[in-house]
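K.L.:
Quick one: this structure, given as structure tokens, is what I'll be asking you about.
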Amino acid sequence: MIKAALVGVMTIAAVITGEIGADKVLAMRESHSTAAAAKATEARKTHEINVPRIKDGVIKGYAVMLLSYSVDLNALKTAAMAPDSILVDEAFRYVYSDDSIDFDHLDRFDFAKMSKALVAAINTRVKSDVVVDVGVQEFTYEPVTEMRGRPAP
């Protein structure tokens, strides 16, 4: 009789432990899926962007940029337009209009400031928080005098 009671108690304990474990696993799955859905981003790259540097009415060289950016996929579904071409346009405008950039010393250029400005400008034009971050993969300057196949002015 004691064996039967002991087996019954062990069975009940196993069932209760199994239910508690299943509840915890389901709760972890739900929290993981909502966290993944909330942060669904995708990394993308732009094509090479060439920005002419004009000084005194003459092209002195070209700034060449290759940017990467992260988009929020949930916000992208509801956005009025895709941010791809807007990023290229805003990056071109930023570098073209910023006369404070010293192309002889690009190591002093504030890329974080440019990134924040681009994200804000793109999200304003798209009217949604689609772009999460903009990164610089390549940013170089090629003076016209060093270009192959072109005569120096």
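K.L.:
So how far apart, in nm, are the two label points at Thr11 and Thr124 if each is 7 Å from Cα heading toward Cβ?
P.N.:
The answer from the label model is 7.2 nm.
K.L.:
Also: Please find, in a Gaussian network model of the chain (springs between Cα atoms separated by less than 10 Å), the residue of Met28, Met114, Met81 whose mean-square fluctuation is greatest.
P.N.:
Met28
K.L.:
Next question, about the same structure. I'd like the FRET efficiency for Glu142 and Ala80, computed as 1/(1 + (r/R0)^6) with the beta carbon distance as r and R0 of 30 Å, rounded to 0.05.
P.N.:
Calculated value: 0.25.
K.L.:
What helices does the chain have that are whole DSSP H segments, at least 15 Å long along their own axis by Cα, and with mean Kyte-Doolittle hydropathy of 0.5 or more?
P.N.:
Passing helices, by number: 2-38, 111-126.
K.L.:
Region 17-116: which trypsin sites (Lys or Arg not before Pro) are DSSP loop and have at most 13 other beta-carbon atoms within 10 angstrom?
P.N.:
Those that pass, being in a loop and sparsely packed, are Lys39.
K.L.:
Excluding residues fewer than 8 places away in the same chain, name every one of the aspartates and glutamates whose C-alpha is closer than 17 Å to that of Lys55.
P.N.:
Here the aspartates and glutamates satisfying the reach criterion relative to Lys55 are Asp98, Asp99, Asp102, Asp104, Glu142, Glu146.
K.L.:
Say we join alpha carbon atoms closer than 10 Å with springs in a Gaussian network model of the chain; which of Ile86, Ile49, Ile59 then has the biggest fluctuation?
P.N.:
Judging by the Gaussian network model, the answer is Ile59.
K.L.:
OK, next. Out of these labelled values of semi-axes √(5λ) of the Cα gyration tensor in Å, [x] 27, 22, 13; [y] 59, 17, 11; [z] 23, 17, 14, which was calculated from the coordinates shown here?
P.N.:
Structure-derived value, by its label: [y].
K.L.:
How many nm separate the modelled label positions at Asp102 and His47, each set 7 Å beyond the Cα in the direction of the Cβ?
P.N.:
Rounded to a tenth, the inter-label distance reads 3.4 nm.
K.L.:
Can you tell which of Asp104, Asp133, Asp89 shows the greatest fluctuation in a Gaussian network model of the chain with Cα springs below 10 Å?
P.N.:
Asp104
K.L.:
Give the calculated FRET efficiency between Val88 and Met28 to the nearest 0.05, with a Förster radius of 41 Å applied to their Cβ-Cβ distance.
P.N.:
It comes out at approximately 0.50.
K.L.:
List the residues whose amide H sits under 5 Å from the amide H of Leu67, counting only those 5 or more places along or on another chain, with H placed 1.01 Å from N in the peptide plane.
P.N.:
Result for Leu67 returns Thr46, Gln137.
None of the figures in this text is laboratory data; all of them are computed from the coordinates on show. Keep in mind the model is a prediction, meaning the values are calculated, not measured. Don't worry about glycine lacking a Cβ; one is built from the backbone with ideal geometry, like all the others, and counts go over all protein chains shown.
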